[in-house]
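Have a look at the structure below, then the notes.
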Amino acid sequence: TNAAMLLHAHSGFRYLVLLMGLIVIAYSAYGLVTKRPYEKRMRVLSAAFTGIVDVTVVLGFANIFTGIFYPQLGGHIVMMVLAAAVAHVVHGVMKRRPDDQRSYGPHLVGTMVVLGMVVAGIMAIGRPIVG
């Protein structure tokens, strides 16, 4: 059914969120360690990560509108909405800073926070992080 497809899509997107988050963390850590100048590529990776988080949230709300809801979802929803907000704040702040004030640190820390929230949100509903 359509509801089942939506649920599987939402659930499957966690792998994209986790993968893209790890890519952002690795790239920003590399940029910090090597003291590379801030690059457009970092902004693009951050935008892609934020977009994937957004799609996952939209799919989650679509699931709710199909009638899939149970009490444990409350904590899941709160964590995921907060994770999306943090991703947007980090991306938005870094995007608006002048070139000479941009750095990899906020992406590294912010993405780690987002992934921590995503993991907590997944655990809130008793699902495995991977698998």
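Laid out as a table, the results:
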{"quantity": "The lone exception for residue 13 - which of (1) over 17 Å from residue 127 (Cα atoms); (2) surrounded by 13 or more Cβ atoms within 10 Å (Cβ to Cβ); (3) among the aromatic types (Phe, Trp, Tyr) it fails", "calculated": "(1)"}
{"quantity": "Cβ pairs under 6 Å, 6+ apart, first in segment 115-131 and more than 18 Å from residue 8 (Cβ to Cβ), second open to solvent by 60 Å² or more (accessible area, probe 1.4 Å) and part of a helix (DSSP H, G or I)", "calculated": "117/82"}
{"quantity": "Unmet requirement for residue 40, which otherwise passes all of (1) more than 21 Å from residue 10 (Cα to Cα); (2) modelled with pLDDT of 95 or more; (3) of a type in the set (D, E, K, R)", "calculated": "(2)"}
{"quantity": "Residue among 4, 29, 87 that is in contact with a Phe, Trp or Tyr (Cβ under 7 Å, 6 or more places away or on another chain), among the small types (Gly, Ala, Ser) and either within 28 Å of residue 126 (Cα to Cα) or surrounded by 13 or more Cβ atoms within 10 Å (Cβ to Cβ) (or both)", "calculated": "87"}
{"quantity": "Residues that are exposed (fewer than 13 other Cβ atoms within 10 Å of the Cβ) and within 19 Å of residue 52 (Cβ to Cβ), drawn from segment 94-105", "calculated": "95"}
{"quantity": "Test: residue in segment 54-61 that is polar (S, T, N, Q), under 14 Å from residue 20 (Cα atoms) and surrounded by 15 or more Cβ atoms within 10 Å (Cβ to Cβ)", "calculated": "yes"}
{"quantity": "Residue 66 open to solvent by less than 30 Å² (accessible area, probe 1.4 Å), among the hydroxyl-bearing types (Ser, Thr, Tyr) and under 27 Å from residue 3 (Cβ atoms)", "calculated": "no"}
{"quantity": "In segment 30-83, the residues that are of a type in the set (Asp, Glu) and closer than 20 Å to residue 119 by Cβ", "calculated": "54"}
{"quantity": "Selection count, segment 106-127, where residues are part of a helix (DSSP H, G or I), small (Gly, Ala, Ser) and open to solvent by 20 Å² or more (accessible area, probe 1.4 Å)", "calculated": "3"}
{"quantity": "Filtered residues of segment 37-53 (kept if surrounded by 13 or more Cβ atoms within 10 Å (Cβ to Cβ), of a type outside the set (S, T, N, Q) and either without any contact (Cβ under 8 Å) to a residue 60 or more places away in the chain or within 17 Å of residue 84 (Cβ to Cβ) (or both))", "calculated": "39, 43, 45, 47, 48, 49, 51, 52, 53"}
{"quantity": "Unmet requirement for residue 130, which otherwise passes all of (1) open to solvent by 80 Å² or more (accessible area, probe 1.4 Å); (2) in a helix (DSSP H, G or I)", "calculated": "(2)"}
{"quantity": "Output for segment 29-87, where each listed residue is assigned to a helix (DSSP H, G or I) and among the polar types (S, T, N, Q)", "calculated": "34, 46, 50, 56, 63"}
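The values are calculated or read from the model by the stated rules, or taken from the named source; none is laboratory data. What you see is a predicted model, and the numbers here were worked out from it, not measured in a lab. Every residue, glycine among them, receives a Cβ derived from its backbone with ideal geometry; neighbour counts consider all protein chains shown. The accessibility values were calculated without ligands, DNA or RNA, using every heavy atom of the protein model including side chains. Shrake-Rupley method; radii C 1.70, N 1.55, O 1.52, S 1.80 Å.
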